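Below you'll find the structure, written out as structure tokens, and then a few comments.
The values are calculated or read from the model by the stated rules, or taken from the named source; none is laboratory data. Model, not experiment: these values are computed from the prediction. Glycine also receives a Cβ, built like all others from the backbone with ideal geometry; neighbour counts cover every protein chain displayed. The area values use the complete protein model at the heavy-atom level, side chains included, leaving out ligands, DNA and RNA. Shrake-Rupley method; radii C 1.70, N 1.55, O 1.52, S 1.80 Å.
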Amino acid sequence: MRNPIGKKVVDIKPSGIRKFFDIVQETEGAISLGVGEPDFDTPWHIRDEGIYSLEKGRTFYTSNSGLKELRQEVSNYIKRTQGITYDPIKEVFITVGGSEAIDLAFRAMIDPGDEVLIPQPSYVSYEPCAILADAVPVIIELKEENQFRLTAKEVLDKVTDKTKILVLPFPNNPTGAVMGKEDLEEIAKVVIEKDLFVVSDEIYSELTYNGKHVSIVSLPGMKERTILINGFSKAYAMTGWRLGYACGPEDIMKQMVKIHQFAIMCAPTTSQYAAVEALKNGDEDVKRMREEYNHRRRYLLNEFERLGLPCFEPFGAFYVFPSIKKFGMTSDEFCTRLLKEEKLAVVPGTAFGDCGEGFIRISYAYSLDNLKKAMERLERFLKKI
Amino acid sequence: MNTREEILNIIEKNSRIDVHELSVLLGAEEILVAGELKALEEEGVICGYHTMIDWSKTNIEKVNALIEVKVTPTRGQGFDNIAERIYKYPEVTSVYLMSGGFDLMVILEGKSLLEVAGFVNNKLATLDNVLSTATHFILKKYKDHGTILAKKYEDTREIITP
């Protein structure tokens, strides 16, 4: 029999998280701070709308771009948070999670050999999606001394005449870094000067703890060269509903929707009805969850200080990214030993790019009680090594 | 978010939290948080630090009843006078002035149906201003003070996700 597998796919490294997941599952009594999704249930009024839509028999496809009503709500939401107007018909469409939008953006914009700038540590799917779209991923290593923010110089150092897209993954998973308006202004200058496009993954935009999130689309000249990606998973605790969206220039959206139409057809109908309710009446829920995340974030940072675990203060998402360099172990060794010896699972920084070496990702999408139990284990471990 | 509201949000859910931990969660100085707490107590915003108990899980019998009470308000006093006469009974746990079909909602805790019935017959219904009462016994508590009593939270997420 011939080799059934294509070379492009084989060459892609499997996610580093997968490997660790398997070890954790075999460890009995392990507690985990390794989850990348909210611990809250989807607020009941949102779930109730989903159930109601099923009862009413709204079980058919929606239009390829998604429910008109939902696109209108997305447009309203961006208007009220960023002050930018997107045409709900031509410039907004609904995807199966933010991840689909990332994939589509690359596939719609890339010609083979184009370069995509990917800051790391960052979410695991940018690099493989770029490769699958025949792009050449070019990694920008974010630095702890910059609080893992992206600087204009770092972009300039990697730009070539083949560079087409800059991925902007902020607020960031796994570091928790956020980009302020001034930081973005520097980046925008370079993007315009070098004629690049931005794929801005703002899935954690509602989870910032030092002021409101600023999107790069709100800066002059950036709306026309940015694909804004967001979704419902993190803000409304709706990961399992698989729903996100992309906003951007009509000509790019058209091509993205074309791929989406052939590959996906449309995002889940039930989820779309629920999401309308989320955007219309979910602000209070988001506020409540953000407040609680913030308490946990402060608790962890305080504990790290007490335990002598160095960590810059992250102001976004629900992760902290402490440095373990002083213990003379690799991230992988540290996490494996922590799991074996104290049955506490955290994710090695290297799962998010080679430059995550020397760091671990700790998620605070857990109750305070859980975090306290976990910190007891971490304390025992740190005293021992 | 103002600190007062945030303090109240936290201690409403967890009154046993100590000042140190509270100050960590709020990212505020311990001394400020302690001062704010004291002020809230003195102003009567914080009225007590009680414990929520699901008595049905013990073998101690408790009966709860909601009683709708219609009363004649007194000149110059409105409902306050009669409300006071009712809330002074220790078996009465709550008294609310209501809009709608009746005037006072009285929540009562007793050891048995008989005891509750006795209170309504002998004490409540015989008060001069009370026109009528309608007693409803609570059969089962599903949720109380924002806490679901029926089941415990269970984390069903995958253990590690990107």
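Net charge dipole, the range A:268-385: roughly 420 debye, given to the nearest 20, about the Cα centre with Cβ charges of +1 for Lys and Arg and -1 for Asp and Glu.
When DSSP beta bridges are restricted to pairs lying wholly in the protein assembly as shown, around 65% turn out antiparallel.
If R0 equals 22 Å, the separation of the Cβ atoms of A:ARG380 and A:GLU28 corresponds to a calculated FRET efficiency of about 0.75.
For the pairs A:LYS212/A:LYS287; B:LYS70/B:LYS111; A:LYS287/B:LYS57, note any where the Cα-Cα span goes beyond 23 Å.
Working: A:LYS212/A:LYS287 12 Å; B:LYS70/B:LYS111 25 Å; A:LYS287/B:LYS57 34 Å.
Result: B:LYS70/B:LYS111; A:LYS287/B:LYS57 exceed 23 Å.
Amide hydrogen proximity for A:ALA177: with H placed 1.01 Å from N in the peptide plane, the residues at 5 or more positions away or on another chain lying under 5 Å are A:ASN172. For chain B, the dipole from Cβ point charges (+1 on Lys and Arg, -1 on Asp and Glu) about the Cα centre works out to 840 debye, to the nearest 20. Count Lys and Arg as plus one, Asp and Glu as minus one, and take only other residues whose Cβ is under 14 Å from that of B:LEU113; the net charge is then -2.
Which net charge results for the neighbourhood of B:LYS70, defined as the other residues with beta-carbon distances under 14 angstrom from its beta-carbon, given Lys and Arg at +1 and Asp and Glu at -1?
Numbers: positive: none; negative: B:GLU68, B:ASP103, B:ASP128.
Surrounding charge for B:LYS70 is -3.
Model label sites at B:LYS141 and B:GLU43, defined 7 Å from Cα along the beta-carbon direction, differ in position by 2.9 nm.
Of A:ILE192, A:ILE102, A:ILE216, which has the largest mean-square fluctuation in a 10 Å C-alpha GNM of chain A? Result for chain A, Cα springs under 10 Å: A:ILE192 fluctuates most.
For chain A, build the charge dipole from Cβ charges (+1 Lys, Arg; -1 Asp, Glu) around the Cα centre, then report which of A:LEU309, A:LEU166, A:PRO119 sits farthest towards its positive end. Of the candidates, A:LEU309 comes out farthest on the positive side.
Each listed q (0.08, 0.10, 0.13 Å⁻¹) maps to a log10 I(q)/I(0) for the protein assembly as shown, found by the Debye formula over equal Cα scatterers with no solvent: -0.65, -0.93, -1.33. Have a look at A:THR226, A:THR336, A:THR175 and tell me which one the Gaussian network model of chain A (Cα, springs below 10 Å) gives the largest fluctuation. Residue with maximal mean-square fluctuation among A:THR226, A:THR336, A:THR175: A:THR336.
When the Cα positions of A:LEU279, A:VAL199, A:GLY211 are compared along the charge dipole of the range A:167-313, A:LEU279 comes out farthest toward the positive end, with charges on each C-beta of Lys, Arg, Asp and Glu.
Using the Cβ of A:ASN173 as centre and a radius below 11 Å, the other residues enclosed give a net charge of 0, where K and R count +1 and D and E count -1.
Round to the nearest 0.05 the FRET efficiency obtained for B:ASP128 and A:THR336 when R0 = 60 Å and r is the Cβ-Cβ distance. Taking R0 as 60 Å, the efficiency between B:ASP128 and A:THR336 is 0.20.
When only the heavy atoms of the protein chains count and the probe is 1.4 Å, how do A:GLU26, A:GLU277, A:GLU144 rank by accessible area, highest first? Before the final figure, lay out each step's value.
Details: A:GLU26 155, A:GLU277 30, A:GLU144 60 Å².
My answer, sorted largest first, is A:GLU26, A:GLU144, A:GLU277.
Just for the range A:60-282, what percent of DSSP beta bridges are antiparallel, to the closest 5?
Details: 8 of 25 bridges.
Percent antiparallel among DSSP bridges in the range A:60-282 is about 30.
If you sort A:LYS79, B:LYS62 by accessible surface, 1.4 Å probe, largest first, the order is A:LYS79, B:LYS62.
The aspartates and glutamates whose alpha-carbon is closer than 18 Å to the alpha-carbon of A:LYS13, local same-chain residues fewer than 8 away aside, are A:ASP22, A:ASP103, A:GLU127, A:ASP134, A:ASP332, A:ASP354, A:GLU357.
The largest accessible area among A:ARG306, B:ARG4 belongs to the first residue in A:ARG306, B:ARG4, and the rest follow in falling order (1.4 Å probe, all chains). When +1 charges are put on Lys and Arg Cβ atoms and -1 charges on Asp and Glu Cβ atoms, the dipole computed for the protein assembly as shown relative to its Cα centre reaches about 980 debye.
Of the whole protein surface, A:LEU184 contributes about 10 Å² of accessible area at a 1.4 Å probe radius. Counting only lysines at least 8 places from A:LYS56 when in the same chain, those with an alpha carbon closer than 24 Å to its own are A:LYS68, A:LYS280.
Mind telling me which of A:PHE327, A:PHE106, A:PHE170 comes out most flexible in a GNM of chain A, alpha-carbon contacts under 10 Å? Among A:PHE327, A:PHE106, A:PHE170, the largest mean-square fluctuation in the Gaussian network model of chain A belongs to A:PHE327. Considering only B:ASN64, B:SER94, B:ALA125, and ranking their Cα positions along the charge dipole of the range B:55-144 that arises from unit charges at the beta-carbon of Lys, Arg, Asp and Glu, the one farthest toward the positive end is B:ASN64.
Once the chain from A:GLN261 to A:LYS153 is taken as fully extended at 0.36 nm per residue, the excess over their C-alpha distance is 35.0 nm. The A-B contact accounts for approximately 2000 Å² of buried accessible area, totalled over both chains at a 1.4 Å probe radius.
Listed by chain and number, the lysines whose alpha-carbon sits under 18 Å from that of A:LYS19, ignoring those within fewer than 8 places in the same chain, are A:LYS340, A:LYS343.
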